[in-house]
Amino acid sequence: MMQRPPPEDFLLKETNPHLGGGKVTGDKLTSTYDLVEQMQYLYVRVVKARDLPGKDATGSCDPYVEVKLGNYKGTTRHFEKKSNPEWNQVFAFSKDRIQSSVLEVTVKDKDFVKDDFMGRVLFDMNEIPKRVPPDSPLAPQWYRLDDKKGVKLKGELMLAVWMGTQADEAFPEAWHSDAATVSGTDGLANIRSKVYLSPKLWYLRVNVIEAQDLQPTDKGRYPEVFVKAILGNQALRTRISQNRTINPMWNEDLMFVAAEPFEEPLILNVEDRVAPNKDETLGRCAIPLQYVDRRLDHKPINSKWFNLEKHVVLEGEKKKELKFASRIHMRICLEGGYHVLDESTHYSSDLRPTAKVLWKQSIGVLELGVLNAQGLMPMKTKDGRGTTDAYCVAKYGQKWVRTRTIIDSFTPKWNEQYTWEVFDPCTVVTIGVFDNCHLHGDKGAGTKDSRIGKVRIRLSTLETDRVYTHSYPLLVLHQNGVKKMGEIHLAVRFTCSSLLNMMHMYTHPLLPKMHYIHPLTVSQLDSLRHQATQIVSIRLSRAEPPLRKEVVEYMLDVGSHMWSMRRSKANFFRIMGVLSGLIAVGKWFDQICNWKNPITTVLIHILFIILVMYPELILPTIFLYLFLIGVWYYRWRPRHPPHMDTRLSHADSAHPDELDEEFDTFPTSRPGDIVRMRYDRLRSIAGRIQTVVGDLATQGERLQSLLSWRDPRATALFVLFCLVAAIVLYVTPFQVVALLTGFYVLRHPRFRHKLPSVPLNFFRRLPAKTDCML
């Protein structure tokens, strides 16, 4: 089935930006910041002041510094009653917006009524020096303060002023003139660029073996004992022990996700089910994870006995510990040989095991230049007009990066460049664009940063050492359909340090070997992935500034496994697309058999005779044919990275009700009649799937019944046929049999009839277990 191409506006666009300032030099700038357009900034570092004169009645002052350039004005924090303050703050003014020829740095005294002028330093913009890394930072100098007429005053100010680019070390922490409207330290922290690291995650395996000498309250009944294990907000329990004694056995594995630094202990409760909804704690123990053994392979570690404690509460007293001899036998270890999956398997950016000693050496470097965005949609309303405060987040491996927020712009320019080590080419880098809703700190409780869109780039689809500069459409699915939220302009380069190592990686298993030697079940992996994403989102949201939970969950594709009619249709047509090649070959062969083109059929006969006479040519012919096809297709190889496809996703043709169902909460929050309608729709789809699965089972059972004597006449015929076939094939050369079979299959239509063949008639008459189904 041929799909229509997506709209022009939804396609990837190749660009030709002015990267690295358009110059190639030997300095560090062009090697570390060559994937972005250079942005010039005026930097002012306000270090400290000394000998400031007292202004109030007590002879002291509350100084702060105001840095002013044209209409832009930045201020440092103020110190109370201090004549030798230290600020060490940096201010950055974008050169594109500089309209003044004079930089004014003024020291003022904070006052209730009006701040007092204490002196200033003026700089001519034409005389400010330029600095390009890796030049050493400009050393600050002392400047004597002048009054408004240029007369020298008491007091000095230590400053450094220079022209630089976004490659400057001072850039990430600087106050930016673009963000002059943002107030407060929290607000400023929320708009700065930042690099984050995901916490190091481990799988914790708790093998609960047995318990001894338990002391249930009711000695006259058989205890129904199970173990409940708790780690943070994860709780798992074993089944109830089969041997209902005071020495129960389980030998059951419980798996948790733990993150360094280990903050919470593993708590185990041994409980007795005394009634259907009533459990009695027989003992408990807490195990700090710092002391748990770590293993790198599948070799079992030593098991240990742990003493159980029991807390008894007496009236009017605090908890007293009752010492008793109950204990539990367990094997606990932190698994270093697994990779803790915290992303969707299809979009993994890291596949290394937890233990660093098992890491292979890196195969290259990924460099990403986040240049700008175009045509962003208004995400919120401020002062009666639409506005967007956009920032980008990129995630690869354990390293997350967040660009600075560009205030109130539908065409933000970031021009920030980031680098990651690459250990596997079959990984994906994810770039998301968000609207910052926390410019003034966290005053708006409950507000979330809005998602603008997301781009994924698989490294294995990139040619090495080539710079890809493209404008990617930001496509987001809303309840009312697919919508383009703008475009993001990226520059990407994947540099390979060792081509041999990279080629060798293609022969290795995708995941660490423990996933194959001691595999986890699908349900375990789903549960552990959910716990891992929760831990990562909570830890990153506690960073300063926080990388918020909604941002992390969007980047990690949380919720992508939920039911979606649209996604199910898309996956069905993907399968049909894969099978379409086989179907096309089948149709072509049918045309050959029916002599639609006699010349082609005759040539196929000749080829068939050659391959039967010389069977050693069969495999070389197949592989040579595949080689020639690959070489032929090289001319039309993709020249651009893949991007979101609305046609493939069936996003542009989804019914509004299907989209409403996709965006529904879990459990549902829709009215009963809508839920009933959707349930009936699901039942009808499931009914069709049920029929297909039943038909497949029927064919398999018919195959089994050939020799099962379920139908004695059919099995007798088949067994007799097998005996005759064995004798005939033994006395007849294989090449003769192959030729006769081939000629029979390729026979001319005049020797065919439209009724089904004898073997097919025989097969369809065989019995299946459908007669036994209720």
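Which condition does Thr354 not pass, out of (1) surrounded by 19 or more Cβ atoms within 10 Å (Cβ to Cβ); (2) assigned to a strand (DSSP E or B); (3) touching a residue at least 60 places away in the same chain (Cβ under 8 Å), if it passes all the others?
Result: Thr354 fails condition (2) only.
Is the stretch 148-157 home to any residue that is in the same structural domain as Glu66 (by the TED database), surrounded by 15 or more Cβ atoms within 10 Å (Cβ to Cβ), touching a Pro at 6+ places or on another chain (Cβ under 7 Å) and touching a residue at least 60 places away in the same chain (Cβ under 8 Å)?
yes
Using the structure shown, decide if Gln89 is modelled with pLDDT of 90 or more and open to solvent by 30 Å² or more (accessible area, probe 1.4 Å).
yes
Name the residues in the stretch 99-128 that are touching a Ser or Thr at 6+ places or on another chain (Cβ under 7 Å) and touching a residue at least 60 places away in the same chain (Cβ under 8 Å), would you?
Hit for the stretch 99-128 is Met125, nothing else.
Could you check, for the stretch 383-393, whether at least one of its residues is on the phi > 0 side of the Ramachandran plot, modelled with pLDDT under 95, open to solvent by 10 Å² or more (accessible area, probe 1.4 Å) and touching a strand residue (DSSP E or B) at 6+ places or on another chain (Cβ under 9 Å)?
No, the stretch 383-393 contains no residue that is on the phi > 0 side of the Ramachandran plot, modelled with pLDDT under 95, open to solvent by 10 Å² or more (accessible area, probe 1.4 Å) and touching a strand residue (DSSP E or B) at 6+ places or on another chain (Cβ under 9 Å).
For Ala697, are the conditions met, namely being surrounded by 13 or more Cβ atoms within 10 Å (Cβ to Cβ) and among the aliphatic types (A, V, I, L, M)?
So Ala697 fits the description; yes.
For the stretch 249-264, which positions are open to solvent by 50 Å² or more (accessible area, probe 1.4 Å), closer than 15 Å to His329 by Cα and either of a type in the set (Asp, Glu) or under 28 Å from the mean Cα position of the chain (by Cα) (or both)?
Asp253
If you check Val274 against the conditions, is it in contact with a helix residue (DSSP H, G or I) (Cβ under 6 Å, 6 or more places away or on another chain), in contact (Cβ under 8 Å) with a residue 24 or more places away in the chain, in a strand (DSSP E or B) and surrounded by 13 or more Cβ atoms within 10 Å (Cβ to Cβ)?
no
Please verify whether Ser83 is more than 50 Å from the chain's Cα centre (by Cα) and hydroxyl-bearing (Ser, Thr, Tyr), treating the condition exactly as stated.
yes
In the stretch 627-638, which residue that is open to solvent by 100 Å² or more (accessible area, probe 1.4 Å) and not hydroxyl-bearing (Ser, Thr, Tyr) is farthest from Glu14 (Cα to Cα)?
Restricting to residues being open to solvent by 100 Å² or more (accessible area, probe 1.4 Å) and not hydroxyl-bearing (Ser, Thr, Tyr), the top hit is Phe627.
Across the stretch 60-78, what is the number of residues that are surrounded by fewer than 17 Cβ atoms within 10 Å (Cβ to Cβ) and more than 10 Å from Glu104 (Cα to Cα)?
Here the count works out to 3.
Count, please, the residues in the stretch 201-230 that happen to be in contact with a Pro (Cβ under 8 Å, 6 or more places away or on another chain) and assigned to a strand (DSSP E or B).
Of the residues in the stretch 201-230, 3 are in contact with a Pro (Cβ under 8 Å, 6 or more places away or on another chain) and assigned to a strand (DSSP E or B).
Here are some residues: Leu706, Leu746, Leu682. Which one is open to solvent by less than 50 Å² (accessible area, probe 1.4 Å), at pLDDT below 90 and within 53 Å of the chain's Cα centre (by Cα)?
Leu746
Of all residues being among the acidic types (Asp, Glu) and part of a loop (DSSP other than H, G, I, E, B) in the stretch 381-440, which is farthest from the chain's Cα centre (by Cα)? Just the residue, please.
Asp383
For every residue, the table says whether it meets (1) of a type in the set (Ser, Thr, Tyr); (2) at pLDDT 85 or above; (3) under 27 Å from the mean Cα position of the chain (by Cα); (4) open to solvent by 20 Å² or more (accessible area, probe 1.4 Å).
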| site | (1), (2), (3), (4) |
| --- | --- |
| Ala170 | no, yes, no, no |
| Glu173 | no, no, no, yes |
| Gly187 | no, no, no, no |
| Leu204 | no, yes, yes, no |
| Glu210 | no, yes, no, yes |
| Asp213 | no, yes, no, yes |
| Val225 | no, yes, no, no |
| Ala229 | no, yes, no, no |
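Can you tell me how many residues within the stretch 231-243 are part of a strand (DSSP E or B) and in contact with an Asp or Glu (Cβ under 9 Å, 6 or more places away or on another chain)?
Qualifying residue count for the region: 2.
Can Phe718 be described as assigned to a loop (DSSP other than H, G, I, E, B), more than 30 Å from Leu11 (Cβ to Cβ) and either at pLDDT below 90 or more than 25 Å from the chain's Cα centre (by Cα) (or both)?
Spelling it out, it is not the case that Phe718 is assigned to a loop (DSSP other than H, G, I, E, B), more than 30 Å from Leu11 (Cβ to Cβ) and either at pLDDT below 90 or more than 25 Å from the chain's Cα centre (by Cα) (or both).
Against the condition of a type outside the set (Phe, Trp, Tyr), open to solvent by 50 Å² or more (accessible area, probe 1.4 Å) and closer than 26 Å to Ile406 by Cα, how does His530 come out, does it pass?
no
If you take the residues in the stretch 686-715 that are among the hydrophobic types (A, V, I, L, M, F, W, C) and not in a helix (DSSP H, G or I), which one is nearest to Phe763 (Cα to Cα)?
Across the stretch 686-715, the extreme among qualifying residues is Leu706.
Among the residues of the stretch 634-666, count how many are of a type in the set (D, E, K, R), over 14 Å from Val482 (Cβ atoms) and not in a loop (DSSP other than H, G, I, E, B).
4
Assess whether Val357 counts as being in contact with a strand residue (DSSP E or B) (Cβ under 8 Å, 6 or more places away or on another chain), modelled with pLDDT of 90 or more and of a type in the set (Val, Ile, Thr).
Criteria not met by Val357.
Would you call Leu739 open to solvent by 70 Å² or more (accessible area, probe 1.4 Å), assigned by the TED database to the domain that holds Lys587 and at pLDDT 90 or above?
no
Within the stretch 537-572, track down each residue that is open to solvent by 60 Å² or more (accessible area, probe 1.4 Å) and within 15 Å of Ser198 (Cβ to Cβ).
Listed by number, the residues that qualify are Ile538, Arg542, Lys549, Val558.
Which count do you get for residues in the stretch 573-587 that are under 27 Å from Pro749 (Cβ atoms) and surrounded by 12 or more Cβ atoms within 10 Å (Cβ to Cβ)?
Adding up the residues that qualify gives 1.
Here are some residues: Leu341, Leu322, Leu368, Leu296. Which one is at pLDDT below 90 and aliphatic (A, V, I, L, M)?
From the options Leu341, Leu322, Leu368, Leu296, the qualifying one is Leu322.
(1) open to solvent by less than 20 Å² (accessible area, probe 1.4 Å); (2) among the β-branched types (Val, Ile, Thr); (3) outside any strand (DSSP E or B): which one isn't true of Ile246, the others all being true?
That leaves (1) as the condition not met.
Specify the residue that is farthest from Gln38 (Cα to Cα); the eligible residues are those in the stretch 129-141 that are surrounded by fewer than 15 Cβ atoms within 10 Å (Cβ to Cβ) and touching a residue at least 24 places away in the same chain (Cβ under 8 Å).
Across the stretch 129-141, the extreme among qualifying residues is Pro129.
State whether one or more residues within the stretch 650-670 are open to solvent by 90 Å² or more (accessible area, probe 1.4 Å), within 37 Å of the chain's Cα centre (by Cα) and charged (D, E, K, R).
no
The values are calculated or read from the model by the stated rules, or taken from the named source; none is laboratory data. All of these numbers come straight from a predicted model, not from anything done at the bench. Backbone-built Cβ (ideal geometry, glycine too); neighbour counts: all protein chains shown. Please note that ligands, DNA and RNA were not included when accessible areas were found on the heavy atoms of the full protein model with its side chains. Shrake-Rupley method; radii C 1.70, N 1.55, O 1.52, S 1.80 Å.
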